[in-house]
1. Can you tell me which residue is farthest from residue 221 (Cα to Cα) among those in the range 242-278 that are in a loop (DSSP other than H, G, I, E, B), more than 22 Å from the chain's Cα centre (by Cα) and at pLDDT 80 or above?
2. With the range 383-468 as the region, which strands (runs of 3 or more DSSP E) entirely inside it contain at least 1 residues that are in contact (Cβ under 8 Å) with a residue 60 or more places away in the chain and in the same structural domain as residue 354 (by TED's automatic domain parsing)?
3. Consider residue 134 carefully, then state whether it is assigned by TED's automatic domain parsing to the domain that holds residue 217 and buried (at least 22 other Cβ atoms within 10 Å of the Cβ).
4. When both residues are 6+ apart or on different chains and their Cβ atoms are under 6 Å apart, which pairs have a first residue that lies in the range 243-256 and is over 22 Å from residue 275 (Cα atoms), and a second that is crowded, with 22+ Cβ neighbours inside 10 Å?
5. For the range 54-68, how many residues meet the condition of being part of a strand (DSSP E or B) and surrounded by fewer than 21 Cβ atoms within 10 Å (Cβ to Cβ)?
6. Report yes if some residue within the range 146-160 is surrounded by fewer than 20 Cβ atoms within 10 Å (Cβ to Cβ), modelled with pLDDT under 90, assigned to a loop (DSSP other than H, G, I, E, B) and touching a helix residue (DSSP H, G or I) at 6+ places or on another chain (Cβ under 8 Å); otherwise report no.
7. Residues being assigned to a helix (DSSP H, G or I), over 23 Å from the mean Cα position of the chain (by Cα) and crowded, with 20+ Cβ neighbours inside 10 Å: count how many of those fall in the range 226-241.
């Protein structure tokens, strides 16, 4: 469905079927990208993977004495929900999503800045997001930059200030990205929007002083490089980094790049001469809220990590690829060991634990088999771990044996559709622990399900949770 759709009952049916057009027209000719409105089937799993990878990157950068502050940019739809079609507005939880992200970042010990509250508070001052573009306006950037400077005052205080002044440049008409997805015969119905620029003047006195200027580096997406590559004068580019310089009174080195997700600027920076010769004290990492929930697996994110890992750990480990080769004394590994709950079924997984022979059912890792399933986890010390398990079997005459570190804990016999529910105390050891479930029978061993399903399902978990 590529054409713009009429609002009403038809749109509601499409929303419920999760088949929105690329661009959705709201009230008063506001346009919204469907990436902010779509409910993707694998949303939660992708979110967990993104957050886990982000946390590992932050902790490894901290090993190099580089602090990282994450800035989650709220969706345009959440700031201007009053302009959404009524049926879509009622079907999505715009406030809960942002609160969950900030709560998870806090739980993982990642410094982050709330941008949603100040943006909503300043809506009366003018447009913070463009009506026909997915990005924020220079005013939205200014509001966000001032909120960041205020929130990160303690992190910025040790860094040398610069004397800087700014002059607003006159707004000039510019191309808006959402218009491209509107049929050409309808594009004239939408107003032309203009973009303002920012001209900076630095006081060279401070720049020539004996004190070096510590690097503050900006990682980000097209939200930090909104107007780059649109054919505008260079004075209209890098507006967000300029706004950050003015608000923080600090020099900002921008590695933001549009169109490649929020990981690419990190990968580019680590491979640059700037990283080798001008190690930053603080990284500001801009991440759009909607990017954490992409439908597809973030291959472009994971692809960046082998280089990041080699550079940050100096080749001592490959923690992101194989936990068995990790340096157990590193701060990254101490963090990996410092988990509280692993819920395999629900995907609550604060680090990338190793699981084998679990597969999905209704977006949850519920089925397991054929012969065995494994869960590996790390502990910093000798300590007990509580295992809550509920499972049933879709095959006749099933026997399940539960092992921890090659020692049997429990043997359970089940008949067809029989259920086993228990809470066990596991004697965890320092370092790697392996929890194993061994099965005597599974689909396909002697007969297939009547439905013809050939998956080697031995059991179905409705609960599989480890708690420290």
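1. Among them, the one singled out is 249.
2. Hits in the range 383-468: 383-392, 398-404, 431-439, 459-467.
3. Working: assigned by TED's automatic domain parsing to the domain that holds residue 217: yes; buried (at least 22 other Cβ atoms within 10 Å of the Cβ): yes.
Judged against the criteria, residue 134 is a match.
4. 243/141; 243/142; 243/145; 247/145
5. Let us first name the residues in the range 54-68 that are part of a strand (DSSP E or B), namely 67-68.
After this cut, where a residue has to be surrounded by fewer than 21 Cβ atoms within 10 Å (Cβ to Cβ) as well, the list is 67.
So the count comes out to 1.
6. Yes, some residue in the range 146-160 is surrounded by fewer than 20 Cβ atoms within 10 Å (Cβ to Cβ), modelled with pLDDT under 90, assigned to a loop (DSSP other than H, G, I, E, B) and touching a helix residue (DSSP H, G or I) at 6+ places or on another chain (Cβ under 8 Å).
7. Of the range 226-241, the ones assigned to a helix (DSSP H, G or I) are 234-236, 239-241.
So of that shortlist, the ones also over 23 Å from the mean Cα position of the chain (by Cα) come out as 234-236, 239.
Filter once more, keeping what is crowded, with 20+ Cβ neighbours inside 10 Å: 236, 239.
Residues meeting the conditions: 2.
The values are calculated or read from the model by the stated rules, or taken from the named source; none is laboratory data. Remember, predicted model here, so these are calculated numbers, not experimental data. Positions of Cβ are generated from backbone atoms using ideal geometry, with glycine treated the same way; all protein chains shown enter the neighbour counts.
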